[in-house]
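Below: the structure, in structure tokens.
The values are calculated or read from the model by the stated rules, or taken from the named source; none is laboratory data. All of these numbers come straight from a predicted model, not from anything done at the bench. As a convention, Cβ positions derive from the backbone with ideal geometry for all residues, glycine included, and neighbour counts pool all protein chains shown. Remember, those area values only see protein heavy atoms, side chains included, never the ligands or the DNA or RNA. Shrake-Rupley method; radii C 1.70, N 1.55, O 1.52, S 1.80 Å.
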Amino acid sequence: MTKELPIGGIAAITAIALAGLAMAEPEDDTLVVNEEIEMVTRTAAPDHLEGALPEIISGWHFRTSETRDIQRDDFDNPASLFVEQAVEVWNTVDGSASESCSSCHDDPQSLRGFWASQPKINEETGELWAAEQYVNNCRENRMGADAWGWNSQTMRNMTALIASVSRGLPMSVPTDGDYAEHWENGKEIYYTRYGQLELACSNCHEDNWGNNIRADHLSQGHINGFPTYRLKDANLVSRHNRFKGCIRDTRAEPYAIGSQEFIDLELYLASRGNGLSVEGPAVRN
Amino acid sequence: MADVKPRVRVPKTASAGEAITIKTLINHQMESGVRKDKDGNLIPRQIINRFVCTFNGETVLDVAVEPAVSTNPYFEFQALVPETGEFTFQWFDDDGSIYETTAAIEVS
Amino acid sequence: MELTRRGFMALGAGAAALVLLPIRPAHASVEDAIAEFTGGAEIGEGGITLTTPEIAENGNTVPVSVDAPGAVAIVMFAAGNPSPDVGTFTFGPLAASQSASTRIRLAGTQEVIAVAKMADGSFVRAANTVKVTIGGCGG
């Protein structure tokens, strides 16, 4: 931890962040995928935000027109290559029980709706689970197969497939009841300043969305597009991997991928985007 | 290389002599040969170095591909369809593999 | 970690002045590579359209397209890349147009150049500067 907190330091950082290009409005555009999936990419902010955002806007709007175009058609979207690989795995028998995903779930379409309310409390254990945990639960306990690494290519491919069949549906996670404690925890993480740069998620995504940090056009930080195909990685990126990257960039030691902190943060972030359409796998920079 | 799957988008039908748009995408890392691994060693180059599209044996497009082409190479171009037939698409890998797929089209 | 807060501030202040990287100088080899294609012949302008984004959101995947009606082949170069060659598009008799789109890697802000060899043996070229940005958060 740092020894002292020179007040000028934080002000200087914020000043530098804002000194970038002038405030750029999110592009005025509509997203219809494959000429059939109409996406809600701008909508009323959920009540729990209490006015922190005037409306909620998908990260899609903050990218250049070339990047936005790539997401309009599954053929152009390289994420489809990974989704196709997942479809093959879906239909392949794996594990001691000699089953495949399709043995129980039939077609991937049968999971439509699942992604829109992730993360979700598991009925049996009462714990808050992310999609990756549901997948591994099936694999280990029902298929008798090995768990996949949270951020492994196979897991990312599968979550891309699962997200893709929920596209167009509004994100919808609860914030009360059994979810309340997790939600409050995630909210606290969201507003906590981390790292040498002392940046909280809110400093960029709530206070400065629409502005530029150097040449990056800041979005509101919603997670409806995950797992995203990032041009930078030329591969799918999971929610937790993105959180880890963001916190690492504040020069802090990030929470682990798969940690309870990140699952709680996932819940809180999903709730900030309640109402936006599931876009995953989206295309971002 | 295992697991390399090309995809092509070709209309199913066309009128004789029509110009159609073809899109192709293939999953391939396109390892440029200038990246280094964690230990500082150069990762050897392995890319798709050539892409060819023919129709009923005649060339539509022949691309000499360099490492500057992005991971998961994407090509979009236009073809003339003089008659019913089949498009053949081939991607040539540095390691000697050839990935191939075809698409039939009917001329009304 | 030796980097002090003060030291970091100074770095930040300097970096803020540079939102975009300065243009990467063309390698001498670009002109050589072009000459190899043209055999040293004179290159004209016009008759070739090179479409590139003004700002590439990430240098890894930059959509570009080129169109030169009547061309036999079009070669594309990225003047500031470690190796300037991008690709050569040769059009066969069944190409409906002498045009193609692809996605390329650009190492930084630089000129992208397309040179077309026309059916009569002449050459034309087009060039655009593409700004390649560095993001604010880990690029």
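Across A:Pro227, A:Pro170, A:Pro46, mean-square fluctuation computed from a Gaussian network of chain A (C-alpha pairs under 10 Å connected) peaks at A:Pro46.
The 3J(HN,Hα) values that the Karplus relation (6.51, -1.76, 1.60; θ = phi - 60°) gives for segment A:193-208 are, in residue order, 7, 10, x, 4, 7, 6, 10, 9, 3, 5, 4, 8, 8, 10, 8, 10 Hz. Gly and Pro appear as x. The GluC sites (Glu not before Pro) found in segment A:127-191 that occupy coil by DSSP, while having at most 15 further C-beta atoms within 10 Å, are A:Glu127. On the beta carbon distance between A:Cys104 and B:Lys36, with R0 = 45 Å, the FRET formula returns roughly 0.50. Just check chain A against the gyration tensor rule for me: Cα atoms, a ≥ b ≥ c as the square roots of the eigenvalues, rounded for a/c under 1.5, and otherwise prolate or oblate depending on whether a/b exceeds b/c. Note, shape of chain A comes out prolate. Once the Cα-Cα distance is subtracted from the 0.36 nm per residue extended length, the B:Glu58 to B:Arg45 segment shows a gain of 1.6 nm.
Close amide-amide hydrogen proximity is noted between C:Ala100 and C:Val66, each under 5 Å apart and 5 or more residues distant or on a separate chain (H modeled in the peptide plane; Pro and chain starts excluded).
For segment C:95-109, the Karplus equation 6.51 cos²θ - 1.76 cosθ + 1.60, evaluated at θ = phi - 60°, returns couplings of 6, 6, 8, 8, 9, 7, 10, 7, 10, 10, 9, 10, 6, x, 4 Hz by residue, with Gly and Pro reported as x.
Normalised by the number of residues in chain B, the mean separation of alpha-carbon contacts (under 8 Å, six or more apart) gives a relative contact order of 33 percent.
For chain A, the longest piece that avoids every one of the trypsin sites (Lys or Arg not before Pro) found in DSSP loops with at most 15 other C-beta atoms within 10 Å covers A:4-192.
Comparing mean-square fluctuations of A:Ala97, A:Ala45, A:Ala116 from a GNM of chain A with C-alpha springs under 10 Å, the top value falls on A:Ala97. The overall shape of chain B, judged from the alpha-carbon gyration tensor, is prolate: a/c is not under 1.5, and a/b is greater than b/c. In this Cβ point-charge picture (+1 for Lys and Arg, -1 for Asp and Glu), segment A:69-200 has a dipole of about 180 debye about its Cα centre.
Ordered by solvent-accessible area of protein heavy atoms (1.4 Å probe), largest first, the residues A:Trp150, A:Trp60 come out as A:Trp150, A:Trp60. Residues whose amide H falls under 5 Å from that of B:Thr84, counting only those 5 or more places apart or on a different chain, are B:Val107, with hydrogens built in the peptide plane. Peptide A:78-84 is shielded by partner chain Cβ atoms: per residue, an average of 4 of them sit within 10 Å of its Cβ.
Specify the inter-centroid distance of segment A:229-285 and segment B:52-86, based on alpha-carbon positions, in whole Å. Measuring centre to centre over Cα atoms gives 37 Å. Quick check: from the Cα gyration tensor, does the protein assembly as shown come out rounded (a/c under 1.5), prolate or oblate? The shape class here is oblate. Residues in segment A:126-148 near a label at A:Asp178, defined as backbone nitrogen under 14 Å from the 7 Å Cα→Cβ point? Residues passing the 14 Å test: A:126-130. For the peptide A:211-219, the mean number of other protein chain Cβ atoms found within 10 angstrom of a residue's Cβ is 6. Computed from backbone phi with θ = phi - 60° and the Karplus coefficients 6.51, -1.76 and 1.60, the 3J(HN,Hα) list for segment A:91-102 is 8, 9, 5, 8, x, 5, 7, 6, 10, 10, 4, 5 Hz; x is used for glycine and proline. With the simple spin-label model, which puts each label point 7 Å out from Cα in the Cβ direction, the B:Ala16 to B:Thr88 separation comes to 2.5 nm.
Going through the cross-link list A:Lys244/B:Lys5; A:Lys187/A:Lys232; A:Lys244/B:Lys38; A:Lys244/B:Lys36; A:Lys232/B:Lys38, which pairs have a Cα-Cα distance over 25 Å in this structure? Pairs exceeding 25 Å: A:Lys244/B:Lys5; A:Lys187/A:Lys232. The relative contact order of segment C:55-109, computed from alpha carbon pairs under 8 Å that lie at least 6 residues apart in sequence, is 50 percent.
Straight-line cross-link reach from B:Lys12 at under 24 Å between alpha-carbon atoms covers these lysines, not counting any fewer than eight positions away in the same chain: B:Lys23. Mean sequence separation of contacting Cα pairs (under 8 Å, at least six apart), scaled by the length of chain A, corresponds to a relative contact order of 27 percent. Placing dummy labels 7 Å off each Cα toward the beta-carbon, the span from B:Lys23 to A:Thr192 is 4.3 nm.
Of the DSSP H helices in chain A, those that are both long (alpha-carbon extent of 15 Å or more along the helix axis) and hydrophobic (Kyte-Doolittle mean at least 0.5) are A:7-18, A:79-90. Inter-part distance, segment C:90-111 to segment A:103-138, computed on C-alpha centroids, equals 43 Å.
Calculated mean residue ellipticity, 222 nm, chain A: -9500 deg cm²/dmol, from DSSP H runs (n ≥ 4) at -39500 (n - 2.57) each, averaged per residue and rounded to 500.
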